[in-house]
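Below is one structure, written out as structure tokens, with a few remarks after it.
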Amino acid sequence: MGASSAVRVVIAKPGLDGHDRGVKVVARALRDAGVEVIYTGLRQTPEMIVSAALQEDADAIGLSVLSGAHMTIFARVVELLKENGATDVKVFGGGIIPEDDIPELERLGVAKIFTPGATTAEIGDWVRGNIHAVHAAG
């Protein structure tokens with residue numbers, strides 16, 4: 001049986017934030033939209049997240065950050081992907097991220113930030129429209 005051509009997304013909850021209801025809702029919505037979701041759980045370091053994405057041959061990493069450490073965490077994930085030659089893995093995310101920080105995150109290489117109030121439909125549509133399966137099938 002060959003590998004599926006579904007888009008694979010690692011969804012992670014980095015840092016010390018212990019709240020994962022929102023990220024689980026997003027993971028479920030993406031699954032319902034036909035995306036293969038690997039949820040890594042709470043309190044993940046950027047190293048653990050990138051390692052999971054590489055092992056799972058993921059097309060994208062979705063981060064949920066409520067702790068205020070988003071600049072550091074997103075920057076480190078993008079940097080680790082570069083170090084591993086995995087610049088084709090797109091990084092997106094959301095959480096409590098001030099509007100003012102979004103241009104800087106985009107400059108760092110983050111593909112998309114969803115602000116509080118983004119609907120799961122919006123996130124699913126964006127992922128389907130912007131993340132493409134790049135891993136080899138078969």
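The values are calculated or read from the model by the stated rules, or taken from the named source; none is laboratory data. All of these numbers come straight from a predicted model, not from anything done at the bench. Ideal geometry is used to build each Cβ from the backbone, glycine not excepted, and the neighbour counts take in all protein chains shown. In case anyone asks, the SASA skips ligands and DNA or RNA and just uses the protein heavy atoms, side chains included. Shrake-Rupley method; radii C 1.70, N 1.55, O 1.52, S 1.80 Å.
General observations
- Relative contact order (%) - the chain, alpha-carbon pairs under 8 angstrom, separation at least six: 30 percent
- Shown in residue order for region 113-128 are the 3J(HN,Hα) couplings computed by the Karplus curve 6.51 cos²θ - 1.76 cosθ + 1.60 at θ = phi - 60°: 10, 9, 8, x, x, 4, 7, 5, 5, 4, 5, x, 4, 5, 4, 4 Hz (x for Gly and Pro).
- Charge dipole magnitude, Cβ of K and R +1, D and E -1 - the chain, Cα centre, debye nearest 20: 340 debye
- 3J(HN,Hα) along region 60-73: 7, 10, x, 10, 10, 10, 10, 7, x, 9, 4, 4, 5, 5 Hz, from the Karplus curve 6.51 cos²θ - 1.76 cosθ + 1.60 with θ = phi - 60°, whole Hz, x for Gly and Pro.
- With the convex hull drawn around the C-alpha atoms of region 51-121, the volume per residue stands at 91 Å³.
- Each part reduced to its alpha carbon centroid, region 4-52 and region 96-134 end up 14 Å apart.
- Based on protein heavy atoms only, region 24-138 ends up with 50 Å² per residue of surface accessible to a 1.4 Å probe.
- Taken along its principal axes, the alpha carbon cloud of region 1-52 reaches lengths of 38, 23, 12 Å, longest axis first.
- Region 10-83: C-alpha gyration tensor shape, a/c 1.5 cut-off, then a/b vs b/c: oblate
- Backbone geometry of region 27-42 corresponds, through the Karplus equation with coefficients 6.51, -1.76 and 1.60 at θ = phi - 60°, to 3J(HN,Hα) couplings of 4, 5, 4, 5, 4, 4, 8, x, 8, 7, 10, 10, 9, 8, x, 7 Hz, x marking Gly and Pro.
- Measuring nothing but protein heavy atoms, the accessible surface of the chain at 1.4 Å probe radius is 51 percent carbon and sulfur.
- Calculated over the chain: convex hull of Cα atoms, volume per residue (Å³): 96 Å³
- Computed per residue of the chain from DSSP H runs no shorter than four, each worth -39500 (n - 2.57), the mean residue ellipticity at 222 nm is -12000 deg cm²/dmol.
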